[in-house]
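The values are calculated or read from the model by the stated rules, or taken from the named source; none is laboratory data. Values in this document were obtained by computation on a predicted structure and should not be read as measured data. Neighbour counts run over all protein chains shown; Cβ positions are idealised from the backbone, glycine included. What goes into the accessible areas is simple: the full protein's heavy atoms, side chains included, and nothing from ligands, DNA or RNA. Shrake-Rupley method; radii C 1.70, N 1.55, O 1.52, S 1.80 Å.
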Amino acid sequence: MVFLLTGSRVVKRFVVNDHVLKMIPLLDGSRTVEQLCDLVGPGSREAADEVTGALDVMRRERLLSVVDGPADAVPPDDADLERHDRQIRLFQDLCDEGLSADSRGIELQRRLRRATAVVCGLGGVGSWLVQGLAAAGVGTLRVCDFDRVERSNLGRQILYSTSDIGRLKTEAAAERVAVIDPQVRVEPVTRRITSPGDLSDLIAGADVVVGCGDQPSPYVLAGWIAAACMSSTARPAPVPHIVGGSYAYHVGILGTTVIPGTTACWQCVRAETANDHGREGLETIVARRAVGAASAPMSGLVGLALTWEAMRVLAGLPPALANSWSELDFWNLRVDTRAIPRRPDCPVCGG
């Protein structure tokens, strides 16, 4: 008998007898072990031993769901859980693989609904990120931008339409989210971020902060977000954050995820990469173009990758971008990841 584990892409093979072969299709979560034994071999001690032995092996090999009751059961008359039924099934697979401290996927979905995510920047990456988080059922979205919708935004910024031209992006985004899921609470903040101090009230009570703005640059904004989230004045504690979300030409910057006290921080990343290509001490004589090349697939790929990463942080699942710096090559569709160790002597996260 061959088990194909679609979540981990692992294949497990076992030699089974007729009793076990008869038992496997009955494992739908609706029967007790005693009932299984009676159905496989009524009154047979040998059949009962084979059934319980096989179940022990399957449990050790993570071939059994740990959910209580039938895995397909969704509480009746719960429209919110029905909306996210397919996502709950995915979460259940992850719980069964031991990737969550929770045993029920439905609890991960409830975590999302209780969570607050802050998105800094509602442009190419941020618009896809906000739409993705709203569709995923994140309870509160605090969105920050200072800009207005322009016609040149419409080719890649998914939250806006022609009728939004000239409107504040924060207001247009809030209206769009209300259409996607009226239960998502949107807190629009129209503000230009110029320092870490501009973020103190924005990140208060947040469960994750995602930086995807480009003013004055993605790297400067990443530093401000990291400083605010790691500050001793962050309330009620340092805030998990994902920084670097941007793209230019053929490269998408997925960046890094920082879980305070656990992973490498932004300063660890900067220390590791500051002198790449011998840049330290060089003087820039030709600046980057004021406006870079972009398309909807580029901004969408980066934005939705960061959506999945933010969902993992909010649901308590292991982050994929932590302790690393990741970039997506659009031409090859390959993610290049560079390991970034947490430095023991880092003034921000060391010790």
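Which residue is farthest from Glu97 (Cα to Cα), if the candidates are limited to the range 18-61 and must be open to solvent by 60 Å² or more (accessible area, probe 1.4 Å) and either polar (S, T, N, Q) or in contact with a Gly (Cβ under 7 Å, 6 or more places away or on another chain) (or both)?
Step by step, filter the range 18-61, then rank; the result is Gln35.
Exactly one of (1) open to solvent by 40 Å² or more (accessible area, probe 1.4 Å); (2) under 16 Å from the mean Cα position of the chain (by Cα); (3) in contact (Cβ under 8 Å) with a residue 40 or more places away in the chain is unmet by Arg312. Its number?
(3)
When you scan the range 162-169, do you find a residue that is among the charged types (D, E, K, R), open to solvent by 40 Å² or more (accessible area, probe 1.4 Å) and either assigned to a loop (DSSP other than H, G, I, E, B) or modelled with pLDDT of 95 or more (or both), even just one?
So far as the range 162-169 goes, yes, one or more of its residues are among the charged types (D, E, K, R), open to solvent by 40 Å² or more (accessible area, probe 1.4 Å) and either assigned to a loop (DSSP other than H, G, I, E, B) or modelled with pLDDT of 95 or more (or both).
Would you confirm whether any residue within the range 331-347 is hydrophobic (A, V, I, L, M, F, W, C) and either closer than 19 Å to Pro238 by Cβ or surrounded by 20 or more Cβ atoms within 10 Å (Cβ to Cβ) (or both)?
Looking through the range 331-347, at least one residue is hydrophobic (A, V, I, L, M, F, W, C) and either closer than 19 Å to Pro238 by Cβ or surrounded by 20 or more Cβ atoms within 10 Å (Cβ to Cβ) (or both).
Failed condition for Leu304, given (1) open to solvent by less than 80 Å² (accessible area, probe 1.4 Å); (2) touching a helix residue (DSSP H, G or I) at 6+ places or on another chain (Cβ under 6 Å), with all others met?
Just one mismatch for Leu304, condition (1).
May I ask you to say which residue of Leu301, Leu306, Leu282 is farther than 17 Å from Val258 by Cα and in contact with a Leu (Cβ under 7 Å, 6 or more places away or on another chain)?
After applying the criteria, what remains is Leu301.
Return the pairs, sorted by first residue and then second, in which the second residue is open to solvent by 40 Å² or more (accessible area, probe 1.4 Å) and of a type in the set (D, E, K, R), the first residue lies in the range 251-276 and is more than 25 Å from Asp207 (Cα to Cα) and touching a residue at least 40 places away in the same chain (Cβ under 8 Å), the beta carbons are less than 8 Å apart, and the residues are 6+ apart or on different chains.
Val251/Glu327; Ala271/Arg343; Glu272/Arg338; Thr273/Arg338
Would you check if Arg270 is farther than 30 Å from Ala136 by Cα, touching a Ser or Thr at 6+ places or on another chain (Cβ under 8 Å), charged (D, E, K, R) and surrounded by 12 or more Cβ atoms within 10 Å (Cβ to Cβ)?
So Arg270 fails the test.
Only one residue in Val189, Val269, Val184 is under 22 Å from Val313 (Cα atoms), modelled with pLDDT of 95 or more and β-branched (Val, Ile, Thr). Which one?
Values: Val189 fails: under 22 Å from Val313 (Cα atoms); Val269 fails: modelled with pLDDT of 95 or more.
Residue meeting the stated conditions: Val184.
In this structure, does Leu21 turn out to be at pLDDT 90 or above, outside any loop (DSSP other than H, G, I, E, B) and closer than 29 Å to Val184 by Cα?
no
Exactly one of these conditions fails for Gly255: (1) of a type in the set (Gly, Ala, Ser); (2) in a loop (DSSP other than H, G, I, E, B); (3) closer than 20 Å to Gly300 by Cα. Give me its number.
It fails just one condition, (2).
Okay, residues lined up against (1) farther than 24 Å from Ser127 by Cβ; (2) assigned to a strand (DSSP E or B); (3) modelled with pLDDT under 95:
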| residue | (1), (2), (3) |
| --- | --- |
| Arg288 | no, no, yes |
| Ala294 | no, no, yes |
| Trp308 | no, no, no |
| Val313 | no, no, no |
| Pro341 | yes, no, yes |
| Val348 | yes, no, yes |
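Taking Glu327 and the conditions (1) more than 16 Å from His241 (Cβ to Cβ); (2) in a helix (DSSP H, G or I), which numbered condition does it fall short on, given that it satisfies the others?
(2)
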